[in-house]
């Protein structure tokens, strides 16, 4: 006889593994969205000014989510953490591509995929809700989470916490 806890763990692990495979297949087909730090005024300045920069914005990021790409420009990677809007990257930016005067919300839409989300499939999961500092994830009952766009700051903290990679980011509409 299998202990109840072991059976639940195996079921949860199986569901999570299946969903991850579906999401990986979908994500490899999609074009990668380049997400810029939230302190810029001119997108073209990245291509001009960042070419001779030492990437101080990335080294000053407390959450270590700023990545300097092959093109020598910064972008955000929410796979491990999210943005606290701490201002440190803008303060460190010597060429002034990132400045405090241009502070704004990250320009993306954050969406929960009903197809990939474990809660939408009937598995109790609050992994996305717990790290959301703005309380921007609403649940219909104990299942069916949705992101409240009026409260969401697009910080990305929920993205890395989702065990089934069901939280998607899209270009802002």
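The values are calculated or read from the model by the stated rules, or taken from the named source; none is laboratory data. All of these numbers come straight from a predicted model, not from anything done at the bench. For neighbour counting, all protein chains shown are included, and Cβ atoms are generated from backbone atoms with ideal geometry for every residue, glycine included.
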Given the condition in a loop (DSSP other than H, G, I, E, B), within 20 Å of the chain's Cα centre (by Cα), at pLDDT below 85 and within 21 Å of residue 169 (Cα to Cα), answer yes or no: does some residue in the range 13-31 qualify?
yes
Given (1) assigned by TED's automatic domain parsing to the domain that holds residue 147; (2) touching a residue at least 60 places away in the same chain (Cβ under 8 Å); (3) touching a strand residue (DSSP E or B) at 6+ places or on another chain (Cβ under 8 Å), index of the condition residue 39 fails
(1)
Test result for residue 140, exposed (fewer than 13 other Cβ atoms within 10 Å of the Cβ) and assigned by TED's automatic domain parsing to the domain that holds residue 166
yes
If we only count strands (runs of 3 or more DSSP E) wholly inside the range 45-163, which ones have 1 or more residues that are within 19 Å of residue 32 (Cα to Cα)?
66-68, 74-76, 108-112
For residue 99, all conditions in the list (1) within 19 Å of residue 46 (Cβ to Cβ); (2) out of contact with any helix residue (DSSP H, G or I) (no Cβ under 6 Å at 6 or more places or on another chain) hold save one; what is the number of the exception?
(2)
